[in-house]
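Participant: Mind having a look at this structure? Questions to follow.
Derivation of every value follows stated rules applied to the coordinates shown; laboratory data play no part. Values in this document were obtained by computation on a predicted structure and should not be read as measured data. Ideal geometry is used to build each Cβ from the backbone, glycine not excepted, and the neighbour counts take in all protein chains shown.
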Amino acid sequence: MKTISGNDLNILATIFAGSSANIFLAKSEANQFTNLSDNVHIIGTTEVIGTYEGKKILFLFNAGAYHACRCHFSFDYVIVFGKESLKKHEFDLATFNYINNADGTMRWVYPQANKSPMHLAFYNSIQLKAFTYKAVTSAAYALGCKSVLADGKFKVYTKGKYEFENATRSIFYSDYAVFTGTVGPNRKCLFALGKKNKVNSFLKLGITSTSVQLIENEKMAISAMQSKLLQGIIIPKVQSTTKEALVMDNIKPSQRKRSSAFSEAHAQAALAIVKSNMISERIEQTDFDEQLKNNLFHLQHVRPMNAMPYLNDTVSQLREIYQSLDRSENAIFSVAHGDFTPWNMYVANTGVHLYDWELSKTTAPALFDVFHYVFQEQVLLKH
């Protein structure tokens, strides 16, 4: 079995039992984890499980822990990474596979019973590496050897529904996969939901308070953009929401252009967003100006100066440029997508299919999205 991290425990607990879940580990296994969160409880062999707010989820990794925790029936969920099995009449059972990141942490989680590789939906295959991985994975599923792709598996025993299913009650799907997100304050899980090798919907599930706020921002942005009926831009429709989750339809076109180069279609889409809500406002009175000040302060005072010493001159130059601005003057501001990049869109004959609106801004310099696209493409794709 691959090493499981404390972060992995929290992610799995949120997916199956909710963000307020209480995690339990056997004493004999707890020492393999570091930096455990406050919602993790260590239990002994004879300990009686008390009353807790939120669901209770027990993780078991070896036979010794399994035999020690005979009180497993006291839990709402039990996740077993070893070969041991619980009595089926006490729980519903499903087996899941997972694929790791390079550092050994979980990247994708999906039911072993999936008939199609749902996790491939998270690839916007502009780059050759992503395109190759999709081809190899699809071939493995077609040849019936999908198990070779997984780094490991675990069993989930439950007495009820999984927590994320509260957001998918109105969505019809048979297969799904979960991308566990990028480590950091914005971390969230992304689900691909569908059947017969077709993804129909995506579910975003907030893991942190910051990511829950971002999901709420995306809800509002999509609602505002849908009311404007932007020409040449296709955006997702909201299918279902909860406090921590957002379900949207899949807007991936059947045929699309693979080039990441900035084109006329990108320019027209960015211009349409600007024209949807364009205003003239004093720079110093905008939220964007406040954000610039905060970013510069963070770069100069919070970032460890020895972490990236080559940035010191750049930060000084940025501060000089900012201080040279006459912020009492008016400038043109507008709505912005906020993360207008090749990997958040598809370009097709039908227009630009633009998703992932969680970083959208109501007040940004006009054509901010154009600058963001060109900068991100040059730095992250062309290095």
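Participant: In whole angstrom, how far apart do the alpha carbon centroids of segment 198-230 and segment 310-383 sit?
Facilitator: 19
Participant: Mind checking the angle between helix 128-142 and the chain's longest principal axis? C-alpha axes, 0 to 90 degrees, to the nearest 10.
Facilitator: 30
Participant: May I ask you to derive the relative contact order of segment 211-289, considering only C-alpha pairs under 8 Å and at least 6 residues apart, and to give it as an integer percent?
Facilitator: Normalised by residue count, the contact order of segment 211-289 is 26 percent.
Participant: Picking from Thr210, Thr95, Thr51, which is most flexible by a Gaussian network model of the chain using Cα springs under 10 Å?
Facilitator: Thr51
Participant: Enumerate the aspartates and glutamates that Lys252 could reach by cross-link, defined here as Cα to Cα under 17 Å, with residues fewer than 8 away along the same chain left out.
Facilitator: Partners within reach: Asp356.
Participant: Just want to confirm a number: the relative contact order over the chain, from Cα pairs under 8 angstrom separated by 6+ residues, in percent.
Facilitator: Value for the chain: 13 percent.
Participant: Straight-line reach only, C-alpha to C-alpha below 14 angstrom: list the aspartates and glutamates that Lys153 could link to, leaving out same-chain residues fewer than 8 apart.
Facilitator: Qualifying aspartates and glutamates at Cα under 14 Å: Asp8, Glu84.
Participant: Connecting C-alpha atoms closer than 10 Å in a GNM of the chain, tell me which of Leu93, Leu246, Leu120 has the biggest fluctuation.
Facilitator: Among Leu93, Leu246, Leu120, the largest GNM mean-square fluctuation belongs to Leu93.
Participant: At a threshold of 8 angstrom on Cα-Cα distance, excluding pairs fewer than six apart, so keeping six or more, what relative contact order does segment 274-343 reach in percent?
Facilitator: 64
Participant: Nearest 10 degrees, 0 to 90: what angle lies between the long axis of helix 6-17 and the longest principal axis of the chain (Cα atoms)?
Facilitator: 80
Participant: Given a 10 angstrom Cα cut-off, can you work out which residue in Lys129, Lys237, Lys195 is the most mobile in a GNM of the chain?
Facilitator: Lys129
Participant: Continuing with this model, one more query. Report the gain in length on full extension from Lys115 to Asp92: 0.36 nm times residue separation, minus Cα-Cα distance, nm rounded to one decimal.
Facilitator: 6.3 nm
Participant: I've got another one for you. What ranking, highest mean first, results for peptides 211-221, 284-294 when packing means the other Cβ atoms within 10 Å averaged over each residue?
Facilitator: My ranking of the peptides, most packed first, is 211-221, 284-294.
Participant: Run the helix sum for the chain: -39,500 (n - 2.57) per DSSP H stretch of 4+ residues, divided by residue count, reported at 222 nm to the nearest 500 deg cm²/dmol.
Facilitator: Per the formula, -8000 deg cm²/dmol.
Participant: If the limit is 22 Å between Cα atoms, which of Lys56/Lys155; Lys55/Lys243; Lys55/Lys161; Lys161/Lys188; Lys159/Lys188; Lys204/Lys361 go over it?
Facilitator: Listed pairs above 22 Å: Lys159/Lys188.
Participant: If you line up the long axis of helix 264-276 against the longest principal axis of the chain, both from Cα atoms, how many degrees apart are they, to the nearest 10?
Facilitator: 80
Participant: For the chain, rounded, prolate or oblate, judged on the Cα gyration tensor with a ≥ b ≥ c (square roots of eigenvalues), a/c < 1.5 rounded, else prolate if a/b > b/c?
Facilitator: prolate
Participant: Which shape class applies to segment 280-355: rounded if a/c is under 1.5, otherwise prolate when a/b exceeds b/c and oblate if not, where a ≥ b ≥ c are the square roots of the Cα gyration tensor eigenvalues?
Facilitator: oblate
Participant: Could you sort the peptides 159-169, 108-118 by per-residue average Cβ neighbour count (10 Å cutoff), highest mean leading?
Facilitator: Answer by packing, highest mean first, reads 108-118, 159-169.
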